[in-house]
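The values are calculated or read from the model by the stated rules, or taken from the named source; none is laboratory data. As the structure is a prediction and not an experimental result, all values here were calculated from the model. Positions of Cβ are backbone-derived with ideal geometry, glycine not excepted, and every protein chain shown enters the neighbour counts.
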Amino acid sequence: MKLNRHFRPVLTLAFALIFLYLNITCSSVTAPEEEQPGRRDYVWRVDTLKVPEGRSLPSRMWGANANDVWAIGIAYLNAYCIWHFDGINWKNYVPDKYIEPYGIWGTSSNNIWIGSTDGAFWHYDGFRWSKFQETNIPNYRPFVVQDIFGKSPKEIYAVGYADSIDGSTYKAVIMKFDGVKWSMVNIPTIKNSFKQIYYDEYTGKFLISAWVFNTPNEYIYLFDGQNLNQIYSAQDFLILVKIGNKTYLQTKNKILKYNGSNFECVLEIKSDNYIGNAWGRNEKDIFTVNYDGIGHYNGIDLITIFIKPNIEWFPGAVIVFEKDIFFTWDDSYSTFIVHGRLNN
């Protein structure tokens, strides 16, 4: 399977701690008093996704709970695009039709959606994945789904882009599932690729990240289900991250929180070992990607809590549960799922 040219990147092991210098210079926002520092006593397990030829590279994860997790992404062999963890083992699910999965989101174990880069939507009913609907946009090639997120079973959105038939241009696309079918949302024609969408419970609206191909121009939009408004722009790599039920913006070494009118800095990390990104349960329990492995910030300092055994390991998808975290990592030969569970 070929990787679309428009996509942009991001055994029990001994518990390791490497202290990193962390300087919080953004003091305008403080975490609520009830938030407790996250624990760091994880037991780690590493599973290898075994494929007979080539590699499988999951880039998205979703799960109903820590014993029911799905990981999807491109693979050399189409039979290895979809993986499932049942609490014991990772097994590949073989679709009955060709699929290039990229976005995934669900409301329960028997109601999960996948968006494909060939304009198709797939649905899981608790027993099997089946192609639900294909998308055709007049004068455009198939809608490339890059992310899916929703607020209820009858309000789910998929975002991405579509190339024009003649290849001269492209436009941002939003589609909505209303409980019956997927339909295009009427938005202005914007020469953007929408790459992420998250629902922010703090504002009751969606945040969408976007970029312009072959340029450093990136944007953040606020979307209420009908209206789309640009609220942030930069010539820098912007990524939306989920911490608890709130959506944050990570840019360079800063993590920003949207307060309903603008972005305020939550913290600034100054460390040569910090690569970026953030996922977590609250502002005192955040996981990051460090050069030497998985980092953790507990409201006081940032340390590396899992040392990657191979310097070539590159991070992919992440999902965080109450007591468990899952990371996908790959090197030049294999893909691994790193699973951390708090020690009871």
Taking region 63-97 and keeping residues assigned to a loop (DSSP other than H, G, I, E, B) and surrounded by fewer than 20 Cβ atoms within 10 Å (Cβ to Cβ) leaves 66, 67, 76, 77, 86, 87, 88, 89, 94, 95, 96, 97
Check region 42-60 and report whether any residue there is closer than 30 Å to residue 262 by Cα and either of a type in the set (Asp, Glu) or modelled with pLDDT of 55 or more (or both).
yes
Residue 286 vs. criteria outside any loop (DSSP other than H, G, I, E, B), under 18 Å from the mean Cα position of the chain (by Cα), buried (at least 20 other Cβ atoms within 10 Å of the Cβ) and not acidic (Asp, Glu)
yes
From 163, 147, residue being in contact with a Phe, Trp or Tyr (Cβ under 7 Å, 6 or more places away or on another chain), in a strand (DSSP E or B), of a type in the set (Asp, Glu) and at pLDDT 95 or above
163
Return the total of residues in region 174-189 being outside any loop (DSSP other than H, G, I, E, B) and hydrophobic (A, V, I, L, M, F, W, C).
5
Mind checking which residues of region 285-344 are polar (S, T, N, Q) and modelled with pLDDT of 90 or more?
288, 290, 298, 304, 328, 335, 343
